[in-house]
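K.L.:
Can you read through this structure? Questions will come right after.
The values are calculated or read from the model by the stated rules, or taken from the named source; none is laboratory data. Predicted, not measured: the structure shown is a model, and the values here were computed from it. Here Cβ is always computed from backbone atoms with ideal geometry, including for glycine, and neighbour counts include all displayed protein chains.
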Amino acid sequence: MNHAAETWAMLVRASVDNKHPWRTPALCTQGVDGPNARHVVLRKVLPDAATLVFFTDHRSQKMQDLAQCDKVSLVFWNPKSNTQLRVWGTVRVEADVSQVDQYWARVPDHARRDYATLSAPGSVLNTDSDQAHDMSLAREYFTVLLVDVQRMDCLQLSREGHQRWAAERNRQGGWITQNLVP
């Protein structure tokens with residue numbers, strides 16, 4: 001059984017199925033004030049590159065955290081299968097403007113408003129104008145984050161006996177997998 005390959009296939013499925021439980025993992029960053037976790041939406045998975053794709057507003061707290069430390073962890077949970085997947089990696093911002101434009105082209109108009117607020121995400125609302133939007137700025141604030149996965153740890157809880165395995169990426173881009181005590 002190739003645990004890593006099966007996991008990548010499940011992540012691909014989660015990236016295209018809005019109802020998949022792994023669609024919205026918790027992303028954990030490390031900022032000046034310590035650890036910071038929030039749910040994000042898995043937008044795309046590139047298994048051959050071992051990369052997960054997420055979108056954010058470049059003015060968000062997570063971008064400030066990533067400027068301090070580019071190492072992250074993610075936690076995926078599937079309550080139906082009682083499976084937890086933990087992932088560790090390094091984040092980089094997609095620098096290829098044509099790639100970002102391709103992702104932007106797939107963002108529906110109603111979702112583009114999320115990137116068009118005049119105030120940064122998490123800002124204190126003092127007046128209604130703090131919620132104002134300028135759609136001409138939305139693309140400028142839209143940022144694509146790429147998580148280059150280095151390590152995974154999967155735990156499946158079962159009455160018949162829990163199972164756990166871990167995989168680490170080697171220098172050739174393959175995965176070294178080991179079964180672990182749950």
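K.L.:
Do any strands (runs of 3 or more DSSP E) entirely within segment 115-182 hold 1 or more residues that are free of Cβ contacts under 8 Å to residues at least 12 places away in the same chain, among the hydrophobic types (A, V, I, L, M, F, W, C) and at negative phi, and if so, which?
P.N.:
175-180
K.L.:
Taking helices (runs of 4 or more DSSP H) that do not extend beyond segment 58-113, which have at least 2 residues that are in contact (Cβ under 8 Å) with a residue 60 or more places away in the chain?
P.N.:
61-68
K.L.:
Let me ask something additional. As an exercise: evaluate ALA166 against (1) touching a Cys at 6+ places or on another chain (Cβ under 9 Å); (2) of a type in the set (A, V, I, L, M); (3) exposed (fewer than 15 other Cβ atoms within 10 Å of the Cβ) and give the number of the one condition it does not meet.
P.N.:
(3)
K.L.:
What are the residues in segment 1-19 that are touching a residue at least 24 places away in the same chain (Cβ under 8 Å), of a type outside the set (A, V, I, L, M) and either part of a helix (DSSP H, G or I) or in contact with a helix residue (DSSP H, G or I) (Cβ under 8 Å, 6 or more places away or on another chain) (or both), if any?
P.N.:
HIS3, THR7, TRP8, SER15 - these are the residues of segment 1-19 that are touching a residue at least 24 places away in the same chain (Cβ under 8 Å), of a type outside the set (A, V, I, L, M) and either part of a helix (DSSP H, G or I) or in contact with a helix residue (DSSP H, G or I) (Cβ under 8 Å, 6 or more places away or on another chain) (or both).
K.L.:
Under the condition of being of a type in the set (S, T, N, Q) and out of contact with any Lys or Arg (no Cβ under 8 Å at 6 or more places or on another chain), which residue from segment 30-60 is modelled with the highest pLDDT?
P.N.:
Per the stated criteria, the residue is THR51.
K.L.:
A further question follows. Restricting attention to segment 31-57, report how many residues are assigned to a strand (DSSP E or B) and either among the charged types (D, E, K, R) or within 18 Å of VAL144 (Cβ to Cβ) (or both).
P.N.:
12
K.L.:
Would you mind stating whether ALA105 is more than 18 Å from GLU6 (Cβ to Cβ), modelled with pLDDT of 95 or more and surrounded by fewer than 13 Cβ atoms within 10 Å (Cβ to Cβ)?
P.N.:
yes
K.L.:
Sort out which residues of segment 85-99 are surrounded by fewer than 13 Cβ atoms within 10 Å (Cβ to Cβ) and acidic (Asp, Glu), and write them in order of number.
P.N.:
Once the filter is applied, which keeps residues that are surrounded by fewer than 13 Cβ atoms within 10 Å (Cβ to Cβ) and acidic (Asp, Glu), segment 85-99 yields only ASP96.
K.L.:
Find the residue count for segment 30-74, including only residues that are closer than 30 Å to GLU160 by Cβ and surrounded by 16 or more Cβ atoms within 10 Å (Cβ to Cβ).
P.N.:
Matching residues across segment 30-74 total 4.
K.L.:
I would also like to ask the following. Among the residues of segment 21-30, how many are without any contact (Cβ under 8 Å) to a residue 24 or more places away in the chain and either more than 19 Å from TRP88 (Cβ to Cβ) or assigned to a helix (DSSP H, G or I) (or both)?
P.N.:
1
K.L.:
Which of the residues belonging to segment 82-100 are within 12 Å of the chain's Cα centre (by Cα) and not aliphatic (A, V, I, L, M)?
P.N.:
ARG86, TRP88, GLY89, THR90, ARG92
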